[in-house]
Amino acid sequence: MKGRSLAIYSWLAFGYAFFYVPIVLLVVNSFNASRIGSHWGGFSLHWYQQLLDDPQILAAAWLSLRVAFISACGATLIGGCAGLALGRFGVFRGRMALTGMVAAPLVMPEIITGLSLLLLFVALKSLTGWPESRGFTTITIAHITFCMSYVAVVVQARVATLDFSLEEAAMDLGGRPFRVLLDITLPGIAPALLSGWLLSFTLSLDDLVISSFVSGPGANTLPMLIFSKVKLGVTPDINALASIIIAVVTAGVVIAGVLMLRAERKRVAQRP
């Protein structure tokens, strides 16, 4: 039994090391004054300064953040409605078609999704003249298209666990359907909506394949810019950019963990 535990811990340590050691090396190299990663040239913040002085990277980062925010909001709105309909109502006309449309982007290869959206925008331009060029708008529409499916799945799972007797009691007490939706249903699915928004924001910020199909000249997202630079070799400023992203994500995870811990302690303290 002791030997089995040692083997399990060894494999666990190997797994964590395999995942985190490269990240640690990346962060360390971002402070390396030398351009050669295998040679330590001393501690320096030069690459961070160079990164902040690069207008191309700053423009790509700003574009990615704007697209991710708007896409997350749009996907949460549309996907939340779809998930609420699938989880709240039983059999209705068009349910199978709606379920298929929700599930399709989840299993469809990204290259197929990107190509189909590209053909759609090309056809729309030839028929209506819109869009005049592919860029922010087309990328945002494309991201909403595939992100809303993830939101719908999360919201549907949450709705399935709700106690609908609360809604019935509220309506028995004279509550209007819209008021019941605002006071009972939405607070119940708020955690799922927040999770779906965060998931959509992350997926949009990270997307490369679909963005490459629906973007045009001068509309490079951050993943597209990083991919184009990495093809020519990893430069120290890319290490600095990755380190900043890691720091932001780590801070978000820590803050979320602290808030969840406080909420759990408060909930335990309120127990009779």
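The values are calculated or read from the model by the stated rules, or taken from the named source; none is laboratory data. Bear in mind that the values here come from a model prediction, so they are computed numbers and not experimental data. As a convention, Cβ positions derive from the backbone with ideal geometry for all residues, glycine included, and neighbour counts pool all protein chains shown.
Would you mind finding the one in Ser211, Ser200, Ser243 that is polar (S, T, N, Q) and more than 30 Å from Pro131 (Cβ to Cβ)?
Ser243
Filter segment 176-233 down to the residues that are closer than 25 Å to Ile245 by Cβ, buried (at least 18 other Cβ atoms within 10 Å of the Cβ) and without any contact (Cβ under 8 Å) to a residue 24 or more places away in the chain and list them by number.
Of everything in segment 176-233, just one residue is closer than 25 Å to Ile245 by Cβ, buried (at least 18 other Cβ atoms within 10 Å of the Cβ) and without any contact (Cβ under 8 Å) to a residue 24 or more places away in the chain, namely Ile226.
Kindly indicate which of Leu106, Leu115, Leu124, Leu120 is more than 19 Å from Thr76 (Cβ to Cβ), assigned to a helix (DSSP H, G or I) and either polar (S, T, N, Q) or touching a residue at least 24 places away in the same chain (Cβ under 8 Å) (or both).
Leu115
Restricting to segment 252-267, what's the tally of residues that are surrounded by fewer than 10 Cβ atoms within 10 Å (Cβ to Cβ) and at pLDDT below 80?
So the count comes out to 1.
I'd like the full set of residues that are charged (D, E, K, R) and not in a loop (DSSP other than H, G, I, E, B), limited to segment 91-103.
Scanning segment 91-103 gives a single hit, Arg95.
Based on this model, can you work out whether Leu194 counts as more than 25 Å from Ser64 (Cα to Cα) and of a type in the set (A, V, I, L, M)?
no
What's the number of the only condition in (1) in contact (Cβ under 8 Å) with a residue 12 or more places away in the chain; (2) of a type outside the set (A, V, I, L, M); (3) surrounded by fewer than 17 Cβ atoms within 10 Å (Cβ to Cβ) that Cys81 fails to meet?
That leaves (1) as the condition not met.
Looking for whichever is closer than 21 Å to Phe146 by Cα and among the hydroxyl-bearing types (Ser, Thr, Tyr) here; the options are Ser228, Ser204, Ser243. Which one fits?
After applying the criteria, what remains is Ser204.
Only residues that are buried (at least 17 other Cβ atoms within 10 Å of the Cβ) and closer than 18 Å to Leu199 by Cα: list them for segment 106-147, please.
Ile139, Thr140, Ile141, Ala142, His143, Ile144, Thr145, Phe146, Cys147
If you go through segment 152-160 one residue at a time, do you hit one that is exposed (fewer than 15 other Cβ atoms within 10 Å of the Cβ) and out of contact with any helix residue (DSSP H, G or I) (no Cβ under 9 Å at 6 or more places or on another chain)?
No, segment 152-160 contains no residue that is exposed (fewer than 15 other Cβ atoms within 10 Å of the Cβ) and out of contact with any helix residue (DSSP H, G or I) (no Cβ under 9 Å at 6 or more places or on another chain).
Anything in segment 192-249 that is closer than 24 Å to Val24 by Cα, polar (S, T, N, Q) and assigned to a helix (DSSP H, G or I)? List them, or say none.
Hits for segment 192-249 are Thr202, Ser228, Asn239, Ser243.
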